[in-house]
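The values are calculated or read from the model by the stated rules, or taken from the named source; none is laboratory data. Quantities reported herein were computed from a predicted structural model and do not represent experimental measurements. Here the Cβ positions follow ideal geometry from the backbone for every residue, glycine too, while neighbour counts run over all protein chains shown.
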Amino acid sequence: MIGSAQAGADISITGLGVKVPDRVMTNDELSQFVDTSDEWIRERTGIRERRIASDEEALSDLALPATRDALAMAGVDPKDVDLVIVATVTPDMMFPSTAALIADAIGAADAAAYDLSAGCTGFMYALAQAYGMLAGGLAHRALVVGGDVLSRLFDWTDRSTLVLFGDGAGAVVLESVPEQGFLGFELGADGGGGESLWLPGSGSRNFEEPDRHIKMNGREVFKFATRVLVQSAQDILAKCDMTIEDVDLYIPHQANVRIIDHATRKLGFPSEKVVINVDRYGNTSSGSIPLGLADALADGRLQKGQIVLMTGMGAGLTWGSALMRWTMDAAA
Ligand code: UT7
């Protein structure tokens with residue numbers, strides 16, 4: 001693990017935008033493809049529906065409107081963005097990076113731009129990297145996108161994975177601010193558990209039967225998820241000299257409401273402090289936490305001065321937390 005580092009620089013999120021595909025797919029619709037039911041999916045995962053990209057929609061088609069909204073909220077001219085990081089496992093293509101495509105599309109002509117792969121934890125890794133670049137003076141205005149179009153990787157005959165995932169993206173702007181926004185980060189990975197969630201045939205390793213679909217050992221990932229959500233939250237709070245009572249809003253990765261309930265109970269969060277959107281979006285991978293931020297901002301739960309804890313976990317296996325004070329005015 002790196003970090004459990006307390007952050008020292010006055011850097012925060014100054015703009016936020018999200019985008020999901022228009023197409024809603026219900027549990028009942030999925031039961032036309034595989035032997036499943038609305039009842040099973042709701043009881044075991046809490047998911048009611050998810051968004052599915054059209055054949056023409058790629059990640060950048062979701063990331064771009066999210067990015068434009070984030071820049072508008074921040075009041076930042078795209079020309080002033082000097083760093084673009086896109087956290088994803090479903091870029092438009094392996095190269096050029098989706099980050100470079102986004103930088104070009106918004107007119108951030110000379111910005112450094114790259115994609116980052118850390119599974120569903122990607123957005124947390126990207127936030128920490130952007131923070132580090134800004135704090136170290138390597139960049140001044142960063143755009144961080146988290147998003148995935150996992151439906152491209154669905155095996156439409158595998159009920160053990162098909163029902164869990166959805167498509168979506170979010171973007172944030174990071175800048176120096178007069179007060180401290182980010183308070184700390186904690187990131188880690190356990191490559192030994194990588195085979196529990198993987199995508200064969202997606203890179204330079206040859207497989208006898210290439211099958212570019214998500215493979216998952218659900219029970220193993222469930223055990224990993226419930227453990228790291230609790231551990232990572234406890235580690236970062238301890239490092240930042242804070243307790244659960246100090247946290248106003250908890251945004252865990254949205255994979256399964258049972259995983260979230262488990263972590264919430266163990267940590268001792270009252271339910272009103274916990275953001276849940278997995279019921280509407282399913283698991284959107286790197287999109288899940290920015291979508292959670294947007295929900296909390298929209299329903300008024302995210303207010304200036306509040307302490308926000310975000311924890312992601314996913315393929316790698318990876319995990320990561322960020323603790324921050326929300327510094328944006330409600331009217332922003
Ligand atoms: O970002 C990280 C990504 N992934 C995750 O976080 C996923 C973590 N894992 C999970 O959320 C859960 O393990 C699942 C939702 C994937 C599965 O729930 P579970 O309670 O662990 O179910 P299970 O795998 O133990 O399966 C129970 C039964 C099995 O039938 P039998 O063997 O008991 O007859 C499965 O075949 O449920 C069956 N099953 C289904 N039935 C209807 C599995 N998937 C389905 C389905 N519909 N979609």
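Things to note:
- Here R258 passes the criteria (1) farther than 15 Å from M124 by Cβ; (2) away from the ligand (no atom under 16 Å from the Cβ); (3) touching a residue at least 60 places away in the same chain (Cβ under 8 Å) except the one numbered (2).
- Residue selected from the stretch 207-218 under the condition out of contact with any strand residue (DSSP E or B) (no Cβ under 8 Å at 6 or more places or on another chain) and within 17 Å of L162 (Cβ to Cβ), by the criterion nearest to the ligand (Cβ to nearest atom): G218
- Any hit, the stretch 235-254, residues being surrounded by fewer than 23 Cβ atoms within 10 Å (Cβ to Cβ), more than 12 Å from the ligand (Cβ to nearest atom), in a helix (DSSP H, G or I) and among the aliphatic types (A, V, I, L, M): yes
- Some residue of the stretch 79-87 being over 12 Å from L143 (Cα atoms), assigned to a strand (DSSP E or B) and either touching a residue at least 24 places away in the same chain (Cβ under 8 Å) or within 22 Å of the chain's Cα centre (by Cα) (or both): no
- Checked against the criterion of being touching a Phe, Trp or Tyr at 6+ places or on another chain (Cβ under 8 Å), more than 15 Å from the ligand (Cβ to nearest atom), under 23 Å from A74 (Cβ atoms) and among the hydrophobic types (A, V, I, L, M, F, W, C), the candidates A126, A100 yield just one match: A100.
- Test for G201: is it modelled with pLDDT of 95 or more and not hydroxyl-bearing (S, T, Y): no
- When the stretch 157-181 is limited to residues that are of a type in the set (S, T, N, Q) and more than 16 Å from F33 (Cα to Cα), the one that is farthest from the ligand (Cβ to nearest atom) turns out to be S176.
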